[in-house]
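Below is one structure, written out as structure tokens; comments come after it.
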Amino acid sequence: MKVATLHDGSPDGRLVVVSDNLGQQTPCVARSLQGALDGGGLDTVGAAAPFRAAASASPLPRAFQFLDGSAYVNHVALVRRARGAQMPDSFWHDPLMYQGGSDSFLSPAAPIVGDPEWGIDFEGEIAVITDNVPMGATRKEALAAIRFVMLCNDVSLRNLIPAELAKGFGFVQSKPACAFSPVAVTPDDLPGWRDGKLHGILRIDLNGAPFGRVDAGVDMTFDFGQLIAHAAKTRHLAAGTIIGSGTVSNKQDGGPGKPVAQGGAGYACIAEQRMIETIQTGKPRTRFLQPGDRVRIWMEDSNGRSIFGAIDQTVQAI
């Protein structure tokens, strides 16, 4: 099943069920996705109408909790390598995770607003929405609690991150509101979903040119069952919790990788391309996002049809 949330003037929007080809929508009995997760169900009512993904809100316009991991450890390794630092061995068996803001998410077509001096960057990710997860849940229990899968653009302000992390208390200012795909899909309706991972090419265009064609199912060190169990080790997770994978990153034949224009898979964030440039030439060349830049993130099925709709955002100066 595929669901989306329409803007209707309320904080949680109006929940609809979307046809598999993203062409039609039908209202749900439960008015919001949170209401459906809380027991309202996903039965439909009323007549179908054309679905416009670009006019949608986030599937959950606000959530009780958003926890973002860093499941693709290759991304972390590149960050460390670019600055000549060793990566602790624990990163390979103990997931990194931070708690992001969740009181409001950007709509899939909403602008990214910020100061270019902040180093505005996109991060292409996979995310899941859970049911209730008990404290101390096993990986198997955690996987069973996944209700929906979607895409995420976890916006990062790269030039604010170093000073903020140096305080030793985590992200706040450097992680503004992020955006999710217009459509969320149940795992059973995703052919690429297996072993707690979404296998498929995450597609990212920057200003109309291919920037990333990375495979979300490979090089994922921690699957979503492990990420959810990690988050639930010492606390209960409420229905409607969102767990992000962190930036999708491929090892790319064992080397540092190449841009799509050079025959590589590219990258799911600008920072990673800058890391590769630093490793290869001693300094980065690619600039972070500027006003007017456009980022598009989506995934296609085997027939070339969009699965989740697209995150399609333009940068605006604050």
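The values are calculated or read from the model by the stated rules, or taken from the named source; none is laboratory data. What you see is a predicted model; the values in this text were computed from it and never measured. Glycine gets a Cβ as well: all are built from the backbone with ideal geometry, and neighbour counts include every protein chain shown. The accessibility values were calculated without ligands, DNA or RNA, using every heavy atom of the protein model including side chains. Shrake-Rupley method; radii C 1.70, N 1.55, O 1.52, S 1.80 Å.
Can you name the residue in region 232-264 that is of a type in the set (Gly, Ala, Ser) and crowded, with 22+ Cβ neighbours inside 10 Å and, of all such residues, is farthest from residue 201 (Cα to Cα)?
Result: 232.
Please name all residue pairs, on different chains or six or more residues apart, with Cβ atoms under 8 Å, provided the first residue is in region 47-72 and is more than 22 Å from residue 103 (Cα to Cα) and the second residue is among the acidic types (Asp, Glu).
Close Cβ pairs satisfying both conditions: 71/223; 72/219.
Would you please name the residue that is most open to solvent (accessible area, probe 1.4 Å), looking only at residues in region 180-198 that are assigned to a loop (DSSP other than H, G, I, E, B) and under 18 Å from residue 2 (Cα atoms)?
For region 180-198, the residue satisfying everything is 191.
Using beta carbons and a limit of 6 Å, which pairs, at least six apart or on different chains, have the first residue in region 164-192 and within 14 Å of residue 151 (Cα to Cα) and the second one at pLDDT below 95 and open to solvent by 10 Å² or more (accessible area, probe 1.4 Å)?
Filtered contacts from region 164-192: 182/53.
Check 63, 71, 30, 109 and return the single one that is assigned to a loop (DSSP other than H, G, I, E, B), under 30 Å from residue 281 (Cβ atoms) and open to solvent by less than 70 Å² (accessible area, probe 1.4 Å).
From the options 63, 71, 30, 109, the qualifying one is 71.
Only residues that are aromatic (Phe, Trp, Tyr) and either open to solvent by 30 Å² or more (accessible area, probe 1.4 Å) or over 25 Å from residue 58 (Cα atoms) (or both): list them for region 144-179, please.
Within region 144-179, 169, 171 meet the criteria.
Given (1) without any contact (Cβ under 8 Å) to a residue 24 or more places away in the chain; (2) within 18 Å of residue 189 (Cα to Cα), where does residue 9 come up short, assuming only one miss?
(2)
Residue 312 fails exactly one of the following numbered conditions: (1) in a strand (DSSP E or B); (2) of a type in the set (Asp, Glu); (3) within 28 Å of residue 141 (Cα to Cα). What is the number of that condition?
(3)
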